[in-house]
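The values are calculated or read from the model by the stated rules, or taken from the named source; none is laboratory data. In this text, all values refer to a predicted model and were calculated from it rather than measured experimentally. So basically every Cβ, Gly included, is an ideal-geometry build from the backbone, and we count neighbours across all protein chains shown.
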Amino acid sequence: MTHQFKGYKTGEKIGVDGSFDINIWYSYDNDSKTTVVSKKIDYNDVFNVRTKENVSGETDVIVRTLKQPNCVKVQILENGDINFDIEKELGVEIVGEGKVKISVEEEEDPWDEIEDDVDNTVLEQIDQTVDEKYI
């Protein structure tokens with residue numbers, strides 16, 4: 001696939017620089033001739049990404065393509081120009097250091113102690129019935 005991209009953080013926003021090739025195959029002259037037009041498309045998308053916490057320090061921006069660029073509409077104008085609509089979908093993750101406030105209580109909650117009701121006769125019975133050469 002010719003779709004290449006890289007994400008970066010710019011202030012409070014996330015930017016994605018990328019490019020992909022498109023190939024439009026069309027017919028003309030009453031469908032008697034066909035040709036292919038190839039073009040490299042560069043793009044720069046900048047968008048807001050909400051984070052649950054303030055991310056500080058160095059951050060990594062991970063971008064994944066959820067839907068590859070796809071031509072959804074093509075129109076040939078009377079002057080010979082070609083208009084096309086491209087659809088793509090990207091997923092963005094921000095990985096970095098976050099600060100979390102944890103409250104610590106000095107008093108320990110009481111708990112109930114559970115005692116085993118296993119006595120020596122039960123242990124002897126287990127020893128007699130388990131076959132050590134089973135496996």
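Remark: pairs (first residue in the stretch 21-42, touching a residue at least 12 places away in the same chain (Cβ under 8 Å); second residue among the acidic types (Asp, Glu) and part of a strand (DSSP E or B); Cβ separation under 9 Å; 6+ apart in sequence or on different chains) = Ser38/Asp21; Lys39/Asp21; Lys40/Asp21; Ile41/Asp21; Asp42/Asp17.
Yes/no per residue for (1) free of Cβ contacts under 8 Å to residues at least 40 places away in the same chain; (2) over 19 Å from Tyr43 (Cα atoms); (3) assigned to a strand (DSSP E or B):
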residue	(1), (2), (3)
Pro69	no, no, yes
Glu78	yes, yes, no
Asn83	yes, no, yes
Glu89	yes, no, yes
Val95	yes, yes, yes
Lys101	yes, yes, no
Asp109	yes, yes, no
Thr121	yes, yes, no
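Of all residues in the stretch 84-111, those satisfying the criterion of being at pLDDT below 75 and of a type in the set (Asp, Glu) are Glu97, Glu105, Glu106, Glu107, Glu108, Asp109.
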